Amino acid sequence: MKQKYEYKYVEVRTCGLASDDYKKIIDDYAKEGFRFVTTINKTKIAIGYNPKIDLVFERECEQ
């Protein structure tokens, strides 16, 4: 049986964000059944400094 997943991408600014803030976001999504997968760096240096990342979460779809 093939598993299907639902993904959530949460954009956060990294400038001034403490590690405890990341932990709270990850913990909040874990309570909803999501698993933290990775981060995606979205900083745009060529256009201007824009310190952002996406936190990526997944969970199995309910069938």
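Give me F57, F36 sorted ascending by neighbouring Cβ count inside 10 Å, so fewest comes first.
F36, F57
Listed by chain and number, the lysines whose C-alpha is less than 20 Å from the C-alpha of K4, apart from same-chain residues fewer than 8 away, are K31. The stretch between D27 and R59, if pulled fully straight at 0.36 nm per residue, gains 10.1 nm over its current Cα-Cα span.
Every number here is computed from the coordinates shown, using simple stated rules; none is lab data. Because the structure is predicted, anything quoted here is derived from the model rather than measured. With ideal geometry, Cβ positions are generated from the backbone for all residues, glycine too; neighbour counts draw on all protein chains shown.
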